[in-house]
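> Quick one: the structure is below, and I'll ask about it shortly.
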Amino acid sequence: MAEQLRWVLIIISVIVIGGLLIHGLWSVRKKDAPVATNDERVEPADQAPTERQSVAEPASHTERDEPQFGDLSFSADEKQPHSFAASDDEPAAEVDDVTTTTEASVEDEPEQPAASDFIIVHIQMPEGLNMEGSKLLPAVNTLGFKYSEEGFFNRHLDPAGLGPVLFRLVNMYNPGTFDIDNMEQFSTAGISLFMTLPCDGDGLAAFNMLHSAAKKLADEFGAVILDSQREEMTVDSVRNYVEKVRRFSA
């Protein structure tokens, strides 16, 4: 009886040891086998990724008969005027991401007034008529304008051509400049007077000089004075200009 019990215990021990060995070998193989994760994506070999190429389309440009201030160049030491209107060709400025705290602080700040502006007055001839250069040149010289190297007529603080520029006279049509050597052959359907704000010296006095020069030139050529919106100049238009000059003179 004791002999049979001993053999039974030996057989059970062998079975248990064998099971442990088999389990150990299975565990080792499981660890060595590669495990595929759900994040892995296998692309078929016969499908190549499609490359997208962005083709920049040239922007359409409309020819303009009338120049913008931005098209005209001025000397570096003089104030630069703004363009008549914002252009669609200008690239948009890139803005970096900012934190919510920074955005909130910017929104709380009061809106700052523009650093500069301009006054523009047009002198337009009736349809079908032009200003002849041979008559325009002595007229602007009489009003104290001096021809500049850039091709414009400038009205300085001093009529002799000294001191800062108060306002300018430009050609209302392209290229916006005048050829002083060929004024006898020159003609234009309109001219423009403009001054930048703020200006050097007395802004109201400078505007009064500009307005007076515009009226004299309009009377000289039988032209019409227009405001910046190309509408006929009215008393209200002049008042609005005066208020704008006062805001920059304060």
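> Residues with amide H under 5 Å of Met131's amide H, sequence separation 5 or more or different chain, H placed in the peptide plane at 1.01 Å from N; which?
HN-HN under 5 Å from Met131: Thr188, Ala189, Gly190.
> Right, next: Share of the stretch 131-249's accessible area from carbon and sulfur, percent, 1.4 Å?
Details: 2730 of 5770 Å².
Exposed carbon and sulfur together represent 47 percent of the surface.
> Then there's this: Of the cross-linked pairs Lys135/Lys244; Lys135/Lys215; Lys135/Lys216, which ones have a Cα-Cα span greater than 21 Å in the structure shown? Please list the in-between numbers first.
Values: Lys135/Lys244 33 Å; Lys135/Lys215 16 Å; Lys135/Lys216 13 Å.
Among Lys135/Lys244; Lys135/Lys215; Lys135/Lys216, the Cα-Cα distance tops 21 Å for Lys135/Lys244.
> Considering only Gly161, Phe178, Pro138, whose Cα is most displaced toward the positive end of the charge dipole of the stretch 131-249, charges sitting on Cβ of Lys, Arg (+1) and Asp, Glu (-1)?
Going by the charge dipole, the pick is Gly161.
> Can you give the accessible area per residue of the stretch 131-249, in Å², using a 1.4 Å probe?
Per-residue value: 48 Å².
> Quick one: dipole size for the stretch 111-250, taken about the Cα centre, charges +1 on Lys/Arg Cβ and -1 on Asp/Glu Cβ, in debye to the nearest 20. Let's see the in-between values first.
Working: 11 positive and 19 negative charges, 66 e Å.
Around 320 debye, computed over the stretch 111-250.
> Moving on to the next point. Work out the P(r) tail for the stretch 113-250: percent of alpha carbon pairs separated by more than 17 Å, whole number. All intermediate terms of the calculation are to be shown ahead of the outcome.
On the way: 5442 of 9453 pairs.
Result for the distance tail: 58 percent.
> Oh, and also: Please compute the length gained on full extension between Leu204 and Val8, using 0.36 nm multiplied by the number of residues separating them and subtracting their Cα-Cα distance.
Values: separation 196, 0.36 × 196 = 70.56 nm, distance 12.22 nm.
58.3 nm is the gain from fully extending Leu204 to Val8.
> Sticking with this structure for a sec: In the stretch 143-250, what trypsin sites (Lys or Arg not before Pro) fall in a loop by DSSP, with at most 12 other Cβ atoms inside 10 Å? Mind dumping the intermediate values first?
On the way: sites: Lys146, Arg155, Arg168, Lys215, Lys216, Arg230, Arg239, Lys244, Arg246, Arg247; in loops: Arg230.
For trypsin sites (Lys or Arg not before Pro) across the stretch 143-250 that sit outside H, G, I, E and B with at most 12 neighbouring Cβ atoms in 10 Å, the list reads Arg230.
The values are calculated or read from the model by the stated rules, or taken from the named source; none is laboratory data. Since this is a predicted model, take the numbers as computed values, not measurements. Don't worry about glycine lacking a Cβ; one is built from the backbone with ideal geometry, like all the others, and counts go over all protein chains shown. Side chains included, ligands, DNA and RNA excluded: accessible areas come from the protein's heavy atoms. Shrake-Rupley method; radii C 1.70, N 1.55, O 1.52, S 1.80 Å.
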